[in-house]
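Here's the structure we're looking at; comments come further down.
The values are calculated or read from the model by the stated rules, or taken from the named source; none is laboratory data. These figures come from a predicted structure and were not determined experimentally. As a convention, Cβ positions derive from the backbone with ideal geometry for all residues, glycine included, and neighbour counts pool all protein chains shown.
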Amino acid sequence: MEFFGILIVLLLIFGWIIMIYNNLIALREKRRQAFSDVDVQLKQRYDLIPQLVETVKGYMGHEKEVLENVTKARAGVKETGNNIADRAKAESALSGAMMNLFAVAEAYPDLKANQNFQHLMDELSDIEDKIAAARRFFNAATQKLNVAAQQFPAVIIANMVNITPEDFFEVEPAMAKAMQEAPEVKFGS
């Protein structure tokens with residue numbers, strides 16, 4: 001009888017460990033899925049940028065540096081690979097370059113009146129809203145995983161299966177600064 005009591009306790013402990021492990025795995029997968037949602041929105045923005053740059057080029061001939069910065073930042077996103085922290089930095093740089101482009105565009109009334117430009121701006125604004133929502137969902141999923149993986153006794157199992165705290169998808173300080181400071185508009189070559 002004592003043997004069955006010990007066996008039941010061991011089975012309960014084993015079942016409890018399996019539940020903790022499965023919860024950690026589910027949280028990790030939810031985080032991955034959340035990043036996929038962010039990634040879809042970022043790719044839509046990425047694909048929209050060349051159209052926006054081409055539309056703006058004709059009006060902003062004197063603002064070559066602003067357009068080059070957007071193009072460089074877009075290329076930087078493509079080079080980051082799958083590392084979420086690197087991707088977040090590259091996306092923040094791209095967002096900062098785009099904010100500079102929009103600030104400079106304010107100085108060109110003909111550009112602001114262009115229907116194609118307005119359509120692209122509306123589309124980009126919609127995508128930016130979706131990116132912000134997807135990023136909030138991703139960060140919430142990341143926070144849940146990080147908390148679960150650091151709480152006792154789950155931390156023991158997390159360490160055994162190499163589930164470590166993950167990075168959030170945050171706006172970089174450079175992006176925040178770019179959002180607050182309008183670039184200098186220069187006319188002439």
**OP:** Tell me, yes or no, whether region 78-88 has at least one residue that is assigned to a helix (DSSP H, G or I) and farther than 30 Å from Ala154 by Cβ.
**Re:** yes
Original post:
Got at least one residue in region 92-106 being without any contact (Cβ under 8 Å) to a residue 60 or more places away in the chain and closer than 14 Å to Arg135 by Cβ?
Top reply: yes
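Looking for whichever is touching a residue at least 24 places away in the same chain (Cβ under 8 Å) and out of contact with any helix residue (DSSP H, G or I) (no Cβ under 7 Å at 6 or more places or on another chain) here; the options are Asp129, Asp122, Asp110. Which one fits?
Asp110
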Original post:
How many of the residues making up region 48-100 are surrounded by fewer than 15 Cβ atoms within 10 Å (Cβ to Cβ), under 13 Å from the mean Cα position of the chain (by Cα) and modelled with pLDDT of 85 or more?
Top reply: 0
**OP:** Filter region 107-126 down to the residues that are within 21 Å of Arg74 (Cβ to Cβ) and acidic (Asp, Glu), then identify the one that is surrounded by the fewest Cβ atoms within 10 Å (Cβ to Cβ).
**Re:** Asp122
Original post:
Out of curiosity, is Glu29 under 20 Å from Ala90 (Cβ atoms), part of a helix (DSSP H, G or I) and free of Cβ contacts under 8 Å to residues at least 24 places away in the same chain?
Top reply: no
Original post:
Which condition breaks for Glu170 when tested against (1) touching a residue at least 24 places away in the same chain (Cβ under 8 Å); (2) at positive phi?
Top reply: (2)
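Keeping to region 41-64, report how many residues are under 30 Å from Lys144 (Cβ atoms) and without any contact (Cβ under 8 Å) to a residue 60 or more places away in the chain.
Here is the first cut: in region 41-64, the ones under 30 Å from Lys144 (Cβ atoms) are 41-46.
Add one more test, that the residue is without any contact (Cβ under 8 Å) to a residue 60 or more places away in the chain, and what stays is 43, 46.
Of the residues in that region, 2 qualify.
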Subject >> Residue that is farthest from Ile127 (Cα to Cα), among those in region 1-47 that are surrounded by fewer than 16 Cβ atoms within 10 Å (Cβ to Cβ) and among the basic types (Lys, Arg) >> reply: Arg32
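Given the options Ala176, Ala141, Ala134, name the one that is within 22 Å of the chain's Cα centre (by Cα), at pLDDT below 90 and either surrounded by 12 or more Cβ atoms within 10 Å (Cβ to Cβ) or not in a loop (DSSP other than H, G, I, E, B) (or both). Let's see the steps before the verdict.
Working: Ala141 fails: at pLDDT below 90; Ala134 fails: at pLDDT below 90.
After ruling out the rest, the residue left standing is Ala176.
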